[in-house]
Structure formats: structure tokens, C-alpha cells
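Only one structure is covered here, and it is reproduced in the block below.
The values are calculated or read from the model by the stated rules, or taken from the named source; none is laboratory data. Predicted, not measured: the structure shown is a model, and the values here were computed from it. Note: ideal-geometry Cβ built from the backbone for every residue, glycine included; neighbour counts use all protein chains shown. With ligands, DNA and RNA removed, areas are computed over all heavy atoms of the protein, side chains included. Shrake-Rupley method; radii C 1.70, N 1.55, O 1.52, S 1.80 Å.
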Amino acid sequence: MPELVARLAPSFASLDPVQWDALAGRNPFVRHAFLLSLEESGSIGPRTGWSPAPIVLEDGEGTLLGAMPSCLKSHSQGEYVFDHAWADAWERAGGDYYPKLQIAAPFTPATGPRLLLRDDAHAAPLLRAAEQLCLQNGISGAHATFVEPAQLSLFEQAGWLARSDIQFHWENRGYATFDDFLGQLSSAKRKNLRKERARAQEGVDIRSFTGAAITEAHWDAFWVFYQDTGARKWGRPYLTREAFSLFGQRMADEMLLVFAYDDDEPIAGALNFIGPDALYGRYWGCTVDKPFLHFELCYYQAIDHAIARGLARVEAGAQGGHKLVRGYEPVQTWSMHFIADPGFRRAIADYLEQERAGIAADQLVLNARTPFRKV
């Protein structure tokens, strides 16, 4: 293998977007535009507890061969893979759990590549670079969250620990219409979904926007929705108002806004990102509490658009057992972890073995509770 140089870049802005995207592919959340927008808008940065720390692998001429969308974290918020108990145990033992290295799309519980590679052969030196960064700087560990299944073996070969969880995704089984999907449900569930959609759509006008049709007025309205949801769920919204404008400027063709209007006044909205094979539901909010409108904008409209675009699935975000009865099925998600201290690593490995068994058992139970007709 030719000479390889691994280094810690100071920011995403310091890296060539063309070279980065040549490795990142079309997943919207690891594209340079997404990460740069978070950085330039102040959504990530030193004062947020997410300090950009991309690790890159280059040849002797500075050509990018591999990269990690990584940050140094001073807390465990905005990750959706919860390690607060790990942090507490390590702190009680006298260690400093933070900072830690987080390899992720910030604030985004969507599966995707976490090793951006020209060739899989570059995975090992890139992972070694992350490990050495931790070992040489007293960092407790590195955590790659929502790793796409195709990359799990690359982490496993390096000895990283696997952790699983469950999300609910809608799978497109070649449906031509929403009614085709409904036809696969049991009679009672099919009737319930139709009633929900009718109740949600009553008295409102639902409109969708993408590409150049998305304006700053849409982002102004959505910012109000986003703040309302954030205040109720996690106290302080993760994204700044500027982030949405930058997304719109750089990624409008990869975004889908779905708004509900009452007499031309927007009262609710959902934001989705469009990937090459999936629609990713990300944020929602409202100013009027209307029954079932959340399900309509976030779940049923997403299904409609996925079918129209021929997308394979809808990923509607983390958690949410209420998605199950609406045709979203349990899917295992994965994270991979490097723990620097050998003793702590053994304890985490034992814990994860038991946790994975529990997750697998939960998935079996959930699979039996899907609303699809039983054959």
C-alpha cells in the first residue's frame, strides 16, 4: 500500500467538498454540505459540546482516501444511542468520560456510512487513527452510531464492540399506491388508518415543497414549529435558525417539507431528507393541536412520497412504538464502540452481550405485533 497519512482536520470547512463527497456518496447526512451547514450555522462547535474533529486519511500527495464525520463531545446529548450509564460508571471509578470521539451525523438517528472510503482496505488505518487519537490524548473512547450494516464487519475486524437497538421503518414492497400498502394490513388496522387520515385532513390543506419551491418564508414558519417541539422534548433545540437556511441553499433538492394550512396559515410542518433509496423523517412541529395531524404529516405523507419516488423505505427517526400500528416495522440499528481502558472495555462487552440478547427478544415480540395480515 502506498504512503498513508492520517490526520485530525480542524473543521469540515477546511476540507475539499469535492473530495469529501466523492467518498461520502449520496447519503444526505454525511455529505459535506450537511456537515458544513451545521458547522457554519453554529449548530455544532465548541460552545455546543460538538467540536468538529474529522479524521482523514490521505496519500502522500494529499488526496483524500478515507474520512470520518467525527466530533469531540463534552456530553451525550443529540446522539440517540444512550451511554449515560457508561459515563456515570467511568466517572465514579475516577475517570473522565468526556471528551469522547463521536463518529456520527450530528443530531441524526439515521443509518448511513461512518467510514467514508475510496476502498475498504483503507478502513483499518482509519480506525487505527481514531484509536490512537483516543489513546494518545486520554480520550475515553470512540463511538460510531447508526452504522450501515455493510460497514459493520469493518469495525468488527478492528475489534470494536457492537451495540444494537430498534427503530421503526416503513418498507416499500413494490406498492404503486397508498391503497396497495393498506391492502396488506389486517381489516381492522386498515379501517383505523383510513379514519386517522380522514380526521387529520379534515379542514386543512396539505402542501409539499422541495427544491426551489422552498423559500425563506417556509423556513420562518418551520422554525416556529421546530422550536415548539424542541422546547417540549429536549429543552433547547439543537439546530440554529441559520442551519435551515443553509440546508435550503445547499441541499434543497434533497429536502421535502410537508405543511398543513388553515386558511393559508401554516399550522404544522414536517421536514424530510431525501436519500437515494430512503426518505428520512427528521423534524416536526405545530402551533395547533389537531388529532392525528402528526401521524398524517410525518408517517402517511412520507409513505405517499416514498411510493411516488420509488424509494425503498421511510426512516421516521428514533423510538416511537406508536409507529408499529401504522405500518412501520421493527428494524435493528447498530453502533460500534472503541473503549480505551481494557478493564472498562471488558465490563462494557459483558453488558452489551446481555443487551443485544434483550434487543433480539424484543424484536421477535414486535414482529408478531405488526398490523400486516398474518398468512
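Here are some notes:
- Rounded if a/c under 1.5, otherwise prolate or oblate - the chain, Cα gyration tensor axes: prolate
- The relative contact order of the range 1-97 comes to 27 percent, based on Cα pairs under 8 Å that sit 6 or more residues apart.
- Förster-model FRET efficiency, 56 Å R0, ARG309 and ARG92, C-beta, rounded to 0.05: 0.70
- Note on ALA347 and ALA22: the extension gain reaches 113.1 nm, defined as 0.36 nm multiplied by sequence separation minus the Cα-Cα distance.
- Cα gyration tensor shape of the range 132-191, rounded if a/c is under 1.5, else prolate or oblate by comparing a/b with b/c: prolate
- Taking other residues whose beta carbon is less than 15 angstrom from the beta carbon of VAL18, and scoring Lys, Arg as +1 and Asp, Glu as -1, yields +1.
- For GLY141, the residues whose modelled amide H falls within less than 5 Å of its own, excluding neighbours fewer than 5 places apart on the same chain, are LEU101, ALA340.
- Each Lys and Arg Cβ is given +1 and each Asp and Glu Cβ -1; about its Cα centre, the range 92-141 then shows a dipole of about 120 debye.
- Simple label model, 7 Å out from Cα along Cβ direction - SER153 to ASP263, nm: 6.1
- Given charges at beta-carbon only (K, R positive; D, E negative), |dipole| of the range 80-206 in Debye: 520
- Within the accessible area of the chain (1.4 Å probe), percent carbon and sulfur: 51
- Using just its DSSP H runs of length 4 or more, each adding -39500 (n - 2.57), the chain gives a mean residue ellipticity at 222 nm of -11000 deg cm²/dmol after division by all residues.
- Per residue, the solvent-accessible area of the range 168-247 (1.4 Å probe, heavy atoms of protein chains only, all protein chains present) comes to 51 Å².
- Prolate/oblate/rounded label for the range 221-327 (Cα gyration tensor, a/c 1.5): rounded
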